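The values are calculated or read from the model by the stated rules, or taken from the named source; none is laboratory data. Only a predicted model underlies this, so the values are computations on that prediction, with no experimental measurement involved. Note that each Cβ is placed from the backbone with ideal geometry, even for glycine, and that neighbours are counted across all protein chains shown.
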Amino acid sequence: MSANTATENIDETPHEEDKGFFHKSDRIELIATIAIAIATILTAWSAFEAGKWGGTQAINFSEAGAARTESTRADTLAGQLTQIDVAMYLDWVEAVASEVKEGEIPSLEEGLSAPQLGTVSGFLRVRFRDEFVPAVDAWVATDPANNPAAPKTPFVMDEYVVAKAVEANALSALADEKAQDARDANQNGDNYVLTMVLFASVLFFSGVSSKMGSHRNQLLMLGFGIVILVIGVVILASLPVLV
């Protein structure tokens, strides 16, 4: 066999790296580069969203704190107004009972049902707060002077509503809602940080894949990177977007 024939036979022998698509180092590097590019873009997006959700969390916690403060203030004022109503009611009932006993008012029923001009009870009755008047009228209509089944006081009547107490409850509910929104925003931010960690892993595995000595190890590292990239994309697609 001549030297030229031997050389031709050697040249016709396929090189190991030419066997199939994934045994081409340059093609593996191309796929790794694409994976790195995608992971880089998605990492930037995840960082942007994590920052946005972090800001939303801070805003919601701030609004929750403000609503809680206003709720406390309204609740305090509601308590003060209720104390005024209670004090006026007790003084009024005591005055009616005293005036009935002294004969200034014909009967307890008449003393409760309508203010008597020129009497202490009448003076107090017409000075009840506007929010308290409907409850008193409704209570008097049950004939508490003669009806044992009548409500004990006007304060148990459905008509007794202190607007500040209603406002306090509404603000408290708003504070709870904002606090929950803040917790949800925090969770969303944490989820975006998780995807950043996954995409950072993609950058690592894809980057080292081309540094491996054998095609098998290159494919193994690149495969890890692509699997993690897919997992990160799936998680990212399920997250709410804040722009």
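Modelled with pLDDT under 95 and surrounded by 13 or more Cβ atoms within 10 Å (Cβ to Cβ), is that true of residue 181? Answer is no for this residue. Taking residue 42, is it part of a helix (DSSP H, G or I), over 30 Å from residue 215 (Cβ atoms) and modelled with pLDDT of 95 or more? It is false that residue 42 is part of a helix (DSSP H, G or I), over 30 Å from residue 215 (Cβ atoms) and modelled with pLDDT of 95 or more. Filtering the stretch 32-75 to residues that are of a type in the set (Val, Ile, Thr) and either in contact with a strand residue (DSSP E or B) (Cβ under 7 Å, 6 or more places away or on another chain) or crowded, with 17+ Cβ neighbours inside 10 Å (or both) leaves 36, 38, 43, 56. Within the stretch 121-144, the set of residues being closer than 27 Å to residue 102 by Cα and either assigned to a loop (DSSP other than H, G, I, E, B) or touching a Gly at 6+ places or on another chain (Cβ under 8 Å) (or both) comprises 121, 126, 127, 128, 142, 143, 144.
In the set 176, 190, only one residue is at pLDDT 95 or above, assigned to a helix (DSSP H, G or I) and closer than 24 Å to residue 75 by Cβ; that residue is 176. Scanning the stretch 102-130 for residues that are modelled with pLDDT of 90 or more and either of a type outside the set (Gly, Ala, Ser) or touching a Pro at 6+ places or on another chain (Cβ under 6 Å) (or both) turns up 119, 120, 122, 123, 124, 125, 126, 127, 128, 129, 130. Looking at the stretch 129-152, which of the residues that are buried (at least 18 other Cβ atoms within 10 Å of the Cβ) and touching a helix residue (DSSP H, G or I) at 6+ places or on another chain (Cβ under 6 Å) is farthest from residue 85 (Cα to Cα)? For the stretch 129-152, the residue satisfying everything is 139.
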